[in-house]
Structures are given as C-alpha cells and as structure tokens.
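The values are calculated or read from the model by the stated rules, or taken from the named source; none is laboratory data. Just so you know, these numbers come straight off a predicted model, no measurement behind them. In this analysis, Cβ positions are derived from the backbone assuming ideal geometry, glycine residues included, and neighbour counts consider all displayed protein chains. These accessible areas exclude ligands, DNA and RNA; they are computed on the full protein's heavy atoms, side chains included. Shrake-Rupley method; radii C 1.70, N 1.55, O 1.52, S 1.80 Å.
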Amino acid sequence: LSESLYGRLARVSGRVAAGTVGEVTISIRGGTEAYLAHPADSNETFSVGTWVVITAHSGRTVFVAAADL
Amino acid sequence: LSSALYIPLIGIAVFIIVVVVVFKSMWRVAQPNEAMIISGLRDRGTATDTAGDSMGFRIVTGKGKLVIPGVQVVRRLSLDLHQADLFVECVTHQGIPVQVKGTVIYKIGDDNQSITNAARRFLDQQDQMDQRVHNVFAGHLRSIVGSMTVENMIQDRELLTSKTRESSGDEMGKLGLIIDSLQIQEIDDPTGYIENLAKPHNAVIASNARIAAAEADRLATEAEQTADALMGQSRRDTAIKMAGFQAEQDAATSQAKQAGPLAEATARQAVVDQETEAARREAARQEQILLATVVRPAEAQRDADVASAQAESRVAVLKAEGEARRVELEAGAAAKRVELAAGAEAKRVELAAAASAKSVELEAGAAAKRIELVATAEANSTRFHGEAEADAKQRVGEAEGVAIKARGLAEAQAIDARAKALATNPEAVAMQALAEQWPEVVKAAASAFDHIDNFTVLNGAEGVNEAMMKVVGSSMASFQFVRGLFVPKEAPSVAPSTTESDAP
C-alpha cells in the first residue's frame, strides 16, 4: 500500500529554498499529491516549474535535489 | 424417488445461500473517498511504519477486505475535502489592524502515515474536525497576516501560500492533514489603508479623465469658434458687397438728383462770368477817369513843389555862407583886440612887480636894523631880569610844581580828548592845531629874510615873484608837513624842504 517516494521525480509547485518551506507535486497512488519540500543541499534553490528528484522523505516532508533529466 | 432426490439439492442450495449471506456480512469494501481502519485480529497485512513498529491496525483504501465479526472492528475515515471558515482580527506587518475573512480547504493525507495520525485523533470526532481545525488555523492565519503587508496579501499569491506552508505545514502534518488551499476572501480595513492605497491611482485616473474631457471640450470650442468666425467672415463679406452695391446705387441716385441743380449752377456760373467781365471793364473805365482827373494834376503839382523847394534851399545856402563870412571877420577883430589888451596888462604887471620888489627891499632893511636894536636892548633887559627872576623862580618853582602837575593832568585829558576827536575828525583837529601854530610858522618863514643884506633880483618882477613863491611855498610845505603828521592817512605830497637858494 505504501509506495516509496525515494528516487521519484517531482515538480516544484512552491519555491524550494533554504529558510522557507517549499512544495512539490508528486505523481503517486494514481493521482498527484503535494508534499512540503526542502532542498537536500541548503545552497540550492528551485523555482516553480522545475523538476527535482526526491532524495529523502519524512511523513509529508521530502528533501529534493536537482533532477538530472 | 423424486422427493428423495430433491432433499440433497435443497440442502446444497440452503448451504450456498448461508455461505453467501455469511460472506456478504463479513466482506467490507472501502469507497474511493474513505479509508477502512480494521483493528483486532492481526494478520499479515498490518501496516508498519518506517521503523518497523506495528501500528496494530490495518488501513484499507480503495478495495474490499474480509472482516471476521467479533474479533475485528472496521471503522471508516472519510478522506473528503473539508472547509473551515476563518474570521480573525489581526495586525499586519506594518502594524495596521485588519479583519481578515478567509477559507482554508484541507483534507486528510492519502498516505498511511497521515491516515494513521488522523485516525488516532479524529476517528470518533470527524464531525468536530472543522471546529478543531478552525481553532488551530485561526492562530496560524494571525501569524501569517502578521508577517505580511496589506499589499502582499492582495497581490502576492505565491508569498501567501509560502507563508501558509511555513507556519502551519508541520503542525497540520501532526494532525495528518494537508492544506489544499488558503483563500483570503475579504480584508476589512477600518483605518482606510486600502482605500488610501487606491487614492493616488484614482486621482491619476480622475485627472486624466478631466484632462481628456477638457481637451475634448477645448477642441469642440475651437471648432465652434472657428465655425463662428467663418460665419462672421461670410456675413461681413456679404455686408461689404451689399454696402458696395448700395453705395453705387446711392451714387447713381445722387448723381441723378444733382443733375438738375448742376445744370442750374452751370448756367449761373456763365451768368456770373459775364457779370464779372462787365464789372472788370467798368473798373478799367473808372481807373482811366481817375488817371486823367486826379493823378495827372497831382503829378504836375508835385513837380512844381519840387522846383520851388529847390529854389528855397539855394537861397538858404547862400544866406548861411554870407553869415559865416561875417562871423569869421568879427572873430579876427576880437582876437586882435584881446591880444593888444593882454600885452598892455603884462606890461602893467611887470612894472607893478618891480615897484613892489623895491618896496620890499627897503622894508627888509628897515626891519633888520630895528631887530638889531631891539635885540641889544633885550639882552640887557634879560640879564637884569634873569638875576631878579632867578631868585623869584626859585620861590615860584615849588608853586609851579603843583601847577605843572595840575596842568599835566589837564593836558593829558586834553590829549585824550584830541585823540578821540582825531579818531572821529582828523582833518578838523589838524587844522585846529595848525591854526594854533600859524604865528610861529609865519615867523619862521620871515626869519629867512632876517640875515639878508642884499636881495638881488636877476629877472625883474618875475624873479621877485619866484622868490616870494618859494618863501610861501616853504611855509606851505611846512604846513603840509605838519598837516601830514596829523593826518597820516592822507598821502604826503610835498617833501619838508626849506629855502635853499636864497642865500647869496
């Protein structure tokens, strides 16, 4: 029932940067869900619309890194 | 036979029916918008968290599950969307009090962890979930508004959602809830801040509207004025043309009206010309008459008068010449007579001077003799008197001392008075002083002749006169000198010289 988030691609729907709480939209369980997001590397910043890859997650919070498309 | 055959068939059918009913009563299906929470008898499907700890119940979404009655309990948790209306009074980042009316739309997360968290908190209180969330989220909204400005709330949707996540994300996560949307529906602004925000723009728009209206009005007025001007111009042109026509008409009319008088005047002018010619000829005739009757006789009279005057003038000239000749002759005779009289007078004076000189000579000799005798007598007399007087004077001296003193005072006063008089009228004082001294002056002049024995005159009467004049002149010189002493301002003209050429 529980699908793993690790390694999934996500689209940034709220700016992800250190010092704030971003949001990514993940295609999961047949639909899309919004997760709170933080950058895995605190120096990185992801603006809305960019694709990221999830490196870790805890509950509804995920850590993302730049997606190597 | 047949009944025996039906019995097992009926039994099988009943069994099947029972089985179906039992299965039906045990099989639970989860709707797409709900999660079944099955607790009770553990089985292989029990959910585990990441740490491997068992949750102790099974979560079933989107499918069916056989539940054993009595050992397992099924509870359903709705995953539907919830809405909580919020109305909070708060203060913005700029300190402006506002009343914010908003709506938060949330649901229970679709992952097992969220369902687990929510199930543990709300399973029996699903109808009260909105109230709980309202209470929690009012505080979050207050903090969200407090970290934003009014402008941001109105304009920056991205910032609003970001702030919402920041302030409430973790806490809602604890409750297993996720926020789909936060909408601020209304901002009530008692201080009029938002209204004031709009005012500059409103003013600009109003200004532009007024400018545009004024410009349009101006253009319309200009067009109207131009049209009016053109109309006026047209009217003027028409009036000018009409006036021109009227003038021509009037001129023609006037000319026609004046034709009669003009002809009359022309006729009169011809008459006047003829009359003038007649008058001129009459004047010429009168002039000829006057020339014959007045001018010619007057000219003749004038010529006669001129001839008469010339004759008279000639007569007067001749008379004057005769008179001049007579006067000339009379003057010559008179001169001759005067000349003879002068010669006789000169002779007479010469003789008188000679006689006078002789007389003076004799008188001088007599005087000298007399003076000599008097001097001898007086010398003797003086010697006798001197002896007598010496004695007398010695006695008198003392008396005279007193007298002299008194006289000195008197003379001082007199001098003082004379000085004042001299200041006021120097000429008079001088003449007075001279008059007092006059006997001594004459005596001194006469003394020049005291020692003269012979008085020879070389050139007759003229020499005697010269000698006398010199004597008198010396006296006069003395007089002038003395007078000069008293009258210093008058220029002394004669040097104080005495007789010098009389001694033989």
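Over all orientations, region B:156-230 has a Cα convex hull whose mean projected area works out to 8.7 square nanometres.
Take the Cα of residue B:197, go 7 Å toward its beta carbon, and the backbone nitrogen atoms of region B:67-101 under 14 Å from that spot belong to B:92-101. Taking 7 Å steps out from each Cα toward its Cβ at residue B:26 and residue B:312 produces label points 20.2 nm apart.
Compared with the direct C-alpha span, the chain from residue B:188 to residue B:236 gains 10.5 nm at full extension, assuming 0.36 nm per residue. What is the calculated FRET efficiency for residue A:51 to residue B:181, with r their C-beta to C-beta distance and R₀ = 25 Å, to the nearest 0.05? Between residue A:51 and residue B:181 the formula returns 0.60.
With the Kirkwood sum run over all distinct C-alpha pairs, the protein assembly as shown has a hydrodynamic radius of 46.4 Å. Straightening the chain between residue B:376 and residue B:438 buys 19.6 nm, computed as 0.36 nm per residue apart minus the Cα-Cα spacing. The charge dipole of chain A, taken about its Cα centre with unit charges on the Cβ of Lys, Arg, Asp and Glu (plus for the first two, minus for the last two), comes to roughly 160 debye.
Give the aspartates and glutamates whose C-alpha is closer than 19 Å to that of residue B:257, dropping any in the same chain fewer than 8 places away, or say none. Once the sequence-local aspartates and glutamates are set aside, what remains near residue B:257 is B:248. In sequence order, region B:124-135 has phi-based couplings of 8, 10, 5, 6, 9, 4, 4, 4, 4, 4, 4, 4 Hz under the Karplus curve 6.51 cos²θ - 1.76 cosθ + 1.60, θ = phi - 60°, and Gly or Pro positions carry x. A cut-off under 11 angstrom between Cβ atoms defines the neighbours of residue B:33, and their net charge, with Lys, Arg +1 and Asp, Glu -1, is -1. Which of the pairs B:369/B:470; B:24/B:63; B:65/B:107; B:101/B:174 have their Cα atoms more than 19 Å apart in this structure? Cα-Cα > 19 Å for B:369/B:470; B:65/B:107; B:101/B:174; rest within.
Counting only lysines at least 8 places from residue B:347 when in the same chain, those with an alpha carbon closer than 18 Å to its own are B:336, B:358. Only one residue of B:259, B:355, B:133 has its Cα farthest out toward the positive end of the dipole of the protein assembly as shown, where Lys and Arg carry +1 and Asp and Glu -1 on Cβ, and that residue is B:133. For region B:173-185, putting each phi into the Karplus relation 6.51 cos²θ - 1.76 cosθ + 1.60 with θ = phi - 60° gives couplings of x, 4, 8, x, 10, 10, 8, 6, 7, 10, 10, 9, 8 Hz, in residue order, rounded to whole numbers and with x for Gly and Pro. If you average 1/r across every pair of different Cα atoms in region B:120-186 and take the reciprocal, what Kirkwood value do you get, in Å? Averaging 1/r across every pair of different Cα atoms and inverting gives 12.9 Å.
Note on region B:237-286: Rg/Rh from Cα positions, Kirkwood definition for Rh, rounded to two decimals, is 1.48. In straight-distance terms, cross-link reach from residue B:420 covers every one of the lysines whose alpha-carbon lies under 20 Å from its own, apart from those fewer than eight places away in the same chain; here that gives B:489.
Diagonalising the gyration tensor over the Cα atoms of region B:174-332 and scaling each eigenvalue by 5 before taking the square root yields semi-axes of 124, 46, 8 Å, largest first. Dividing the alpha-carbon radius of gyration of region B:292-340 by the rule-of-thumb value 2.2 N^0.38 Å gives 2.25.
Each helix, a run of at least 4 DSSP H residues, gives -39500 (n - 2.57); summed and divided by the residues of the protein assembly as shown, these come to -23000 deg cm²/dmol at 222 nm. For region B:281-414, taking Cα atoms only, Rg and Dmax work out to 48.6, 142 Å respectively.
The modelled label-to-label distance for the pair residue A:61/residue B:338, using points 7 Å beyond Cα in the direction of Cβ, is 17.1 nm. Where the convex hull is taken over the Cα atoms of chain A, what is its projected area averaged over directions, in nm²? Its average projected convex-hull area is 4.3 nm². Pairing chain B with chain A buries about 1200 Å² of accessible area. This figure sums both sides and uses a 1.4 Å probe.
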